[in-house]
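Notes for the one structure printed next.
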Amino acid sequence: MQKKQHKIVLIGGPATGKTTVLKALKEKGFNCFEEVSREVTLNAQKNGIEQLFLTNPLLFSELLLEGREKHYHEAEKSSEKSIFFDRGIPDVKAYLDFFDTKYPAIFSEKCISYKYDLIFHFSPWKAIYTTDNERYESFEESVLIDKFIIKTYTNLGYKIINVPFGKLEERVQFILHFLNSLYD
């Protein structure tokens, strides 16, 4: 009997350790889809737009939605039983809500159409928080964004699993231990 595939999303505000954990999971051989916002931002910067999200949040969000849908479809083709995503489709809606941006119903509809199985939440953590060329939010904004993300996923009916603060390997092991309990 084939085991169910689990689509697993790592969520949280900016700079909470999601990408670092995702890279560690990838190094352990897991199928992982990286965050698409950096790619969208870098492409816009190559075209002379410093921060596309601030300049045209709806276009930026449409490009994110497109990228995350593509990742979802690629995951569907995989035979792996655990597939990780650095953010999911509902994150797009959460950010639009945070910035009080009007958007078409398709954003909400896609959140309902594309379902994930497990949601691991990374809380804002001042000790590891950094900004860079693509991540411009302050720590305080990260905390507020995190609240919108949690609200969006909760309103969609997801049970959120909080990843405790700790060293990288401790955080990875927390997730893997949870997954192993599903397969036992």
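Structure summary
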item: Tally of residues being of a type in the set (Ser, Thr, Tyr) and either modelled with pLDDT of 95 or more or surrounded by 14 or more Cβ atoms within 10 Å (Cβ to Cβ) (or both) across the range 38-57; result: 1
item: Counted residues, the range 18-37 - those being in a loop (DSSP other than H, G, I, E, B) and surrounded by fewer than 20 Cβ atoms within 10 Å (Cβ to Cβ); result: 4
item: Residues of the range 45-54 classified as closer than 16 Å to Leu65 by Cα and either small (Gly, Ala, Ser) or touching a strand residue (DSSP E or B) at 6+ places or on another chain (Cβ under 7 Å) (or both), total; result: 0
item: Every residue from the range 83-105 that is in contact with a strand residue (DSSP E or B) (Cβ under 8 Å, 6 or more places away or on another chain) and among the hydrophobic types (A, V, I, L, M, F, W, C); result: Ile83, Phe84, Phe85
item: Within the range 58-111, considering residues that are loosely packed, with under 14 Cβ neighbours inside 10 Å and of a type in the set (Ser, Thr, Tyr), the one nearest to Ser37 (Cα to Cα); result: Ser78
item: Every pair of residues 6+ apart whose Cβ atoms lie under 6 Å, when the first sits in the range 120-141 and is under 13 Å from Thr19 (Cα atoms) while the second is assigned to a strand (DSSP E or B) and at pLDDT 90 or above; result: Phe120/Leu10; Phe120/Ile161; Phe120/Val163; His121/Ile11; His121/Ile160; His121/Asn162; Phe122/Val163
item: Residue tally, condition more than 19 Å from the chain's Cα centre (by Cα), in a helix (DSSP H, G or I) and among the β-branched types (Val, Ile, Thr), over the range 38-64; result: 1
item: Among residues of the range 115-125, those that are modelled with pLDDT of 95 or more and surrounded by fewer than 19 Cβ atoms within 10 Å (Cβ to Cβ), counted; result: 3
item: Any hit, the range 124-139, residues being of a type in the set (Gly, Ala, Ser) and under 17 Å from the mean Cα position of the chain (by Cα); result: no
item: Hits in the range 65-78 (condition: under 25 Å from Leu182 (Cα atoms) and assigned to a helix (DSSP H, G or I)); result: His71, Tyr72, His73, Glu74, Ala75, Glu76
item: Members of the range 1-38 that are over 28 Å from Asn56 (Cα atoms) and among the charged types (D, E, K, R); result: Lys3, Lys4, Lys7, Lys23, Lys26, Glu27, Lys28
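The values are calculated or read from the model by the stated rules, or taken from the named source; none is laboratory data. The structure presented is a predicted model; accordingly, all values stated were derived computationally and were not measured. Every residue, glycine among them, receives a Cβ derived from its backbone with ideal geometry; neighbour counts consider all protein chains shown.
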